[in-house]
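Beneath this line is the structure, given in structure tokens, with notes to follow.
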Amino acid sequence: MSPRAAIRTVSFLSVILGSAMSVPAAQLKEAQVTQVVKDVKLLPTGAAARPATVNDEVRDGIAVRTGMDSRSELKFTDQTLARLGANTLFSFSEGTRNLNLQDGAMLLRVPKGAGGAKINSSAVTAAITGTTVMLETHAVTKKNKNSYYKFIVLEGTARLYLPGRLGESTLVKAGQMIIMRLDSKTIPEPVDVDIQKITQSSLLITGFGPLGSETLIAFERTRQNEQKNSGQLIETNLVIYGGGTNVVLADPNTVDVAVSAESNAATSPTPTPTPTPTATPTPTPTPTPTPTPTPTPSATPAKFGTPIPITSPVPYLITSGTTITTDPSITTNGVTNFGKIYRGPETDGPASAWAFGSTSTFDTASGFDSQINTSGAAFKFTSLQLAGDPTISTANGEINLGLIAVNGITSGSPGGPLTFSGIRGLLLATQNGPIDLGSEISSPGCMTLPFTRVASVLI
């Protein structure tokens with residue numbers, strides 16, 4: 001069966017730069033304001049801000065700032081387009097092809113043959129050439145405690161890199177996205193995004209005139225639709241709350257039906273002994289009452305080994321009253337169940353085989369096992385519903401947590417903000433079902449959960 005990925009709509013180094021900038025290109029000297037919606041201001045260095053109007057020239061030393069519910073479009077002499085969303089601060093360096101997005105959201109279209117450009121924003125730089133991209137960045141402020149960076153490629157390719165960190169870069173292709181914290185020391189792997197839904201809903205596209213790269217975007221949209229029709233991409237309402245964009249949805253052909261030896265022993269019927277014949281019947285003695293034995297406390301299951309699904313209730317509810325220890329145990333409504341500890345690939349083998357029973361072609365293609373190369377506590381359920389923020393203790397336990405469901409993960413009431421406070425990394429994964437997180441749950445900020453990995457996902 002073809003590998004399947006999930007899909008949902010969302011409300012670069014000397015060698016790298018050499019390849020990105022290899023096409024001779026005119027330097028950016030000035031741009032012209034081609035559209036103004038509501039509150040847009042020009043901020044000249046050393047002078048007072050003034051309202052922007054159509055046909056205004058924007059040069060080096062003049063920043064553009066948009067207000068709430070506002071947007072603007074700038075066109076450079078080489079036909080490069082920069083579209084700015086609400087609450088955005090943008091500038092560029094004359095005589096270079098360096099653009100600066102200090103805060104906010106932006107769409108940038110660099111025509112084929114116009115050369116490349118670098119987009120500097122906070123701690124991340126994007127190198128692009130002949131590409132249409134969307135990006136958003138928000139720094140830490142008194143009101144916003146969660147800084148993050150989001151980058152989407154609608155057509156073409158781009159490369160993100162962390163300046164000063166040699167070799168730390170990631171190639172982002174058409175129809176892919178990356179989300180990361182601004183203080184991250186690494187760039188996560190990209191996931192797929194639904195181009196059609198983005199182009200139909202984003203004001204950076206629908207709120208302006210022709211973009212100029214519609215044909216190229218339409219080609220990539222058609223390619224994605226063919227993948228959806230062939231089952232290579234599937235739709236889901238997955239929401240990413242993590243500091244990285246990796247999400248993993250296991251191949252449905254690898255449903256875990258294994259039962260432990262202890263479980264088999266407990267559920268198998270006890271064979272009836274064959275009576276031994278005797279020559280003379282022996283009188284049956286008067287039975288003596290047998291005292292009720294003192295119950296033997298159930299032994300805590302071993303911490304290591306492959307995870308066994310928790311089969312009751314279905315779905316298992318994680319609520320604000322749930323307590324999780326990474327020792328590992330999980331308690332909801334006074335009932336405690338136990339998980340297992342994955343000790344890493346050196347001891348327990350590939351994470352996919354450990355969690356799902358086998359490693360599928362999709363696991364290999366998606367790089368699932370390369371993403372999970374450290375230890376952590378994991379709980380496996382028949383199905384799981386997130387209905388509240390649990391209390392988590394890592395005392396005497398692991399600092400990474402995995403929640404794995406055989407048949408799917410959903411959200412439920414009363415919901416509320418999820419923080420999973422106290423852990424370093426979170427894995428959400430399903431073996432044979434979707435991950436469908438709706439509006440019942442939310443996050444205090446986009447980057448509340450450090451890592452949420454579930455496979456290739458269209459956001």
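Observations on the structure shown:
- In sequence order, the range 54-70 has phi-based couplings of 4, 6, 4, 8, 10, 10, 4, x, 10, 8, 10, 10, 9, x, 5, 6, 10 Hz under the Karplus curve 6.51 cos²θ - 1.76 cosθ + 1.60, θ = phi - 60°, and Gly or Pro positions carry x.
- Spin-label model, residue 77/residue 413: points 7 Å from Cα along the beta carbon direction are separated by 6.2 nm.
- Its residue count N sets the reference 2.2 N^0.38 Å, and the alpha-carbon radius of gyration of the range 349-416 equals 1.28 times that reference.
- Evaluating kT/(6 pi eta Rh) at 4 °C and 1.567 mPa s, with the Kirkwood radius of the range 34-128 over Cα pairs in the Stokes-Einstein relation, gives 97 µm² s⁻¹.
- Full extension of the segment from residue 317 to residue 302, taken as 0.36 nm per residue of separation minus the current Cα-Cα distance, would add 3.0 nm.
- Largest-first principal axis extents of the Cα set of the range 187-230 (Å): 32, 29, 16
- Total formal charge among the other residues, if their Cβ is under 12 angstrom from that of residue 377, Lys/Arg +1 and Asp/Glu -1: +3
- Per residue, the accessible area of the range 49-169 comes to 38 Å², computed with a 1.4 Å probe over protein heavy atoms only.
- Around residue 324: net Lys/Arg minus Asp/Glu count, Cβ-Cβ under 12 Å: -3
- With 10 Å bins from 0: P(r) over the range 328-444, alpha-carbon pairs, percent: 13, 43, 36, 9, 0
- As a calculated quantity, the FRET efficiency between residue 440 and residue 229 at R0 = 35 Å, using C-beta atoms, amounts to about 0.70.
- FRET efficiency for residue 391 and residue 171, using Cβ-Cβ distance with R0 set to 51 Å, rounded to 0.05: 0.80
The values are calculated or read from the model by the stated rules, or taken from the named source; none is laboratory data. Keep in mind the model is a prediction, meaning the values are calculated, not measured. Note that we place each Cβ from the backbone using ideal geometry, even for glycine, and neighbour counts take in every protein chain shown. Side chains included, ligands, DNA and RNA excluded: accessible areas come from the protein's heavy atoms. Shrake-Rupley method; radii C 1.70, N 1.55, O 1.52, S 1.80 Å.
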